[in-house]
Amino acid sequence: MAHECGEPGTVRPGGRTARVRAAVLEAAGDALAEQGFDRLDLADIARRAEVGKTTVYRRWGTVAGLVADLLGDMAEQSLPRTDTGSLAGDLKANAELVRRTLADPRQGALFKAVIAAATTDGRTAEALRRFYETRVAEWAPCVTLAAERGEVPPGTDAAEVIRAVSAPLYYRLLTTGTPPDEAAAERAAEAAVAAARAGCFAAPGGDAATGPGPTT
């Protein structure tokens with residue numbers, strides 16, 4: 001797993017560049033989960049990935065740049081949305097995916113470290129925003145389709161419904177240090193469905209946006 005210099009996506013997949021990038025991003029994720037953002041060191045990550053320090057410094061430049069690339073890759077690799085045919089089923093699948101991610105020892109620690117870093121580092125904050133925009137955009141069609149089926153009011157803000165599912169799960173992890181369990185995930189999904197059906201996410205006049213807006 002190794003890669004040459006150049007911006008992500010500018011070289012053919014499967015070549016040495018892709019292998020190096022994969023190795024470095026995996027090493028960065030491991031280090032981030034183990035020791036947090038403040039202790040990340042590009043030389044240490046290069047050692048973990050068995051890649052030359054010069055390659056890492058030339059390719060990513062800073063820890064924040066590397067973490068931004070890591071989040072972008074995670075967004076691309078995340079599982080696609082589930083289509084169960086009902087809003088309740090779709091949101092429960094979404095909640096369970098979030099729960100499994102946050103309950104995973106590596107992934108949960110990684111997200112806590114990135115969220116903490118985003119409070120003080122602007123580039124990390126922007127990368128985290130893009131990550132969640134990508135994931136919300138992936139799942140928003142669940143709500144749009146539910147509106148077309150008449151399960152929720154017209155004009156329901158799809159992005160806000162999806163955010164409402166994961167918000168209590170992240171809150172539990174960040175405020176208690178305890179990963180959400182299956183019951184918490186089911187409650188989060190049921191609460192979001194009930195609120196959406198009650199019109200809590202519908203704009204006056206039924207003209208709300210049904211997606212998270214443009215992502216970059």
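Filter the stretch 102-133 down to residues that are within 24 Å of PRO80 (Cβ to Cβ) and among the basic types (Lys, Arg) and give me whichever is surrounded by the most Cβ atoms within 10 Å (Cβ to Cβ). Per the stated criteria, the residue is ARG130. When restricted to residues that are at pLDDT 60 or above, open to solvent by 30 Å² or more (accessible area, probe 1.4 Å), of a type outside the set (A, V, I, L, M, F, W, C) and not in a helix (DSSP H, G or I), the stretch 181-216 contains 1.
When ARG106 is tested against (1) among the basic types (Lys, Arg); (2) touching a residue at least 60 places away in the same chain (Cβ under 8 Å); (3) assigned to a loop (DSSP other than H, G, I, E, B), exactly one condition is not met: (3). Scanning the stretch 77-94 for residues that are under 13 Å from the mean Cα position of the chain (by Cα), in contact (Cβ under 8 Å) with a residue 24 or more places away in the chain and either surrounded by 19 or more Cβ atoms within 10 Å (Cβ to Cβ) or closer than 22 Å to THR124 by Cβ (or both) turns up SER78, ASN94.
Cβ-Cβ contacts under 8 Å between residues 6 or more apart (or on different chains), taken from a first residue in the stretch 29-49 that is in contact (Cβ under 8 Å) with a residue 60 or more places away in the chain and more than 19 Å from GLN77 (Cβ to Cβ) to a second residue that is open to solvent by 20 Å² or more (accessible area, probe 1.4 Å) and β-branched (Val, Ile, Thr), are listed as PHE37/VAL63. For SER166, the conditions (1) among the hydroxyl-bearing types (Ser, Thr, Tyr); (2) in contact (Cβ under 8 Å) with a residue 24 or more places away in the chain; (3) closer than 28 Å to GLY61 by Cβ are fulfilled apart from (3).
So which residues in the stretch 31-62 are buried (at least 16 other Cβ atoms within 10 Å of the Cβ), assigned to a helix (DSSP H, G or I) and under 20 Å from the mean Cα position of the chain (by Cα)? Listed by number, the residues that qualify are ALA31, LEU32, ALA33.
The values are calculated or read from the model by the stated rules, or taken from the named source; none is laboratory data. What you are looking at is a predicted structure, and each value in this text was computed from that prediction instead of being measured. Cβ sites come from the backbone with ideal geometry, for glycine too, and all protein chains shown count toward neighbours. Note: accessible area is taken over every heavy atom of the protein model, side chains too, but ligands, DNA and RNA are not part of it. Shrake-Rupley method; radii C 1.70, N 1.55, O 1.52, S 1.80 Å.
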